[in-house]
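Read the structure below first, then the notes.
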Amino acid sequence: MASRSQVSPARRAAFAVLQRVFEDGAFADRALRSESAALDDRDRALAQQLAYGSVQRARTLDHAIETLGRRPVRKLDPPVRAALRLGCYQLAFLDGVPRYAAVNESVELVRKARLERAVPFTNAVLRRLADGARELCESLPEGTPEEAALRHSYPDWVAETWWRELGADEARALMRAQNAEPETAVRLVRGAVDGSEDALIPGAWVVERVDEKAVAEGRVWPQSRGSQLVGHTVGSLPGERTLDLCAAPGGKATMLAGEVVAVEVDEARAERLEKTVRRLGASDVRVVHADGRELPPELDGFDRALVDAPCSGLGVLASRPDLRWRAESLPELQLELLRAAIGRVRPGGAVIYSTCTINAEENEAVVDAVVGEGLVSTDPKLGDEWPAFRHRSRPELLQTLPHVHGTGGFFVARLVVR
């Protein structure tokens, strides 16, 4: 049996995050923020790596635990389940973690959870995982969508969607990319920043870490390169009026020129949006707390609109580790919002429809629906303006792909109102 040992602050925090995500339905980033608040930078970074990796890889970890531990994961006590996932992740997927630390500290987490009776079982399973988890996980096949979903830890429906739309090789590459740590990008608002400037997207910088002081002073804003691309495609000009229908957290709204009405349905998010607007000095942005489908009648006659619609988020799974387990397609809501925006833009005006997903049901199909209704036509110039991000089968549209462009997966269409 493992000897009693101290548990590192990072592992304690990651263990708590795992339980909050899978037992309480918490969002991983919010749970990590609270659980790691008292940690120094090094421990916080390790806690994030352990927590996010264990959440992302949960399906594969559970397979290894059940295969080598010979007991269904769903029947385990929640602290035991979390400790085994945490230990298995370190043993199967991380290099440089001492075996004894991964095993002994995971066992100690169960003991500290006052489950002394489960300690011998936990210890035995972890020692089997130490001997065989890495080889087991690396030997999993990936020849079918279902096999790849297990090996790379995704729901079957996500793997099947990408297989169908991108082909087997690209689907596998996309799965691998969204299990890797995403790049850190910021938008430069004013001043200077240490990092690498993007050659194609103005103001986008890849940095080693986010300078929180610069964020607090409104000099930079954490925002992926793909998200910044969306803001640029709106093409708003001084003197124009633009409607941003789903505006929080405000990264795109605060990029736009001219007068901007930024709409947000959630009250708390609308308040945070107000703070973002003030922090970034976007004085021409007015925040409206409302449902984008039921806007006040005076909000009409806009030159442009941005519908950055709620979606399944299948393009940003690398930065949101728990999202793959709760993601769902939202084409009906997206259509309602897009029709509402089209109705508030003058004839000849432009509507940008964007999502952060890689799923034709929420992307191309939504665009085709409003075009088919005769409400709009697609602007073919969009793909010519941003050729590096042109959709591979629909050249009038844009689609960034994590395994190709190194940023989140964003879809963009520019529609001209009839």
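A few notes on this one:
- The criterion of being within 29 Å of the chain's Cα centre (by Cα), hydrophobic (A, V, I, L, M, F, W, C) and surrounded by fewer than 16 Cβ atoms within 10 Å (Cβ to Cβ) holds for Leu94.
- Failed condition for Leu126, given (1) crowded, with 17+ Cβ neighbours inside 10 Å; (2) under 19 Å from the mean Cα position of the chain (by Cα); (3) closer than 30 Å to Tyr100 by Cβ: (2)
- Among the residues making up region 279-334, those that are assigned to a helix (DSSP H, G or I) and of a type in the set (A, V, I, L, M, F, W, C) are Leu323, Trp325, Leu333.
- Candidates are the residues of region 382-405 that are free of Cβ contacts under 8 Å to residues at least 12 places away in the same chain and among the basic types (Lys, Arg); the one that is nearest to Gly167 (Cα to Cα) is Arg392.
- Within the set Leu245, Leu323, Leu280, the sole residue that is in contact with a Gly (Cβ under 7 Å, 6 or more places away or on another chain) and without any contact (Cβ under 8 Å) to a residue 12 or more places away in the chain turns out to be Leu323.
- Taken over region 373-397, the criterion of being part of a loop (DSSP other than H, G, I, E, B) and either within 21 Å of Ser236 (Cα to Cα) or open to solvent by 40 Å² or more (accessible area, probe 1.4 Å) (or both) is satisfied by Glu373, Leu375, Asp379, Pro380, Trp386, Arg392, Ser393, Arg394, Pro395, Glu396, Leu397.
- Pair list, Cβ < 6 Å and 6+ apart or interchain, from region 160-172 residues that are under 17 Å from Val404 (Cβ atoms) to residues that are open to solvent by 40 Å² or more (accessible area, probe 1.4 Å) and part of a helix (DSSP H, G or I): Ala171/Trp163
Conditions (1) open to solvent by 80 Å² or more (accessible area, probe 1.4 Å); (2) in contact with a helix residue (DSSP H, G or I) (Cβ under 7 Å, 6 or more places away or on another chain); (3) among the acidic types (Asp, Glu), marked per residue:
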{"site": "Glu259", "(1), (2), (3)": "yes, no, yes"}
{"site": "Asp266", "(1), (2), (3)": "no, no, yes"}
{"site": "Val277", "(1), (2), (3)": "no, yes, no"}
{"site": "Ala309", "(1), (2), (3)": "no, yes, no"}
{"site": "Leu314", "(1), (2), (3)": "no, yes, no"}
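The values are calculated or read from the model by the stated rules, or taken from the named source; none is laboratory data. Note that the coordinates shown come from a computational prediction; the quantities given were computed from them, not determined experimentally. So basically every Cβ, Gly included, is an ideal-geometry build from the backbone, and we count neighbours across all protein chains shown. Ligands, DNA and RNA are stripped out before the accessible areas are found, and what is left, the full protein with its side chains, is counted by its heavy atoms. Shrake-Rupley method; radii C 1.70, N 1.55, O 1.52, S 1.80 Å.
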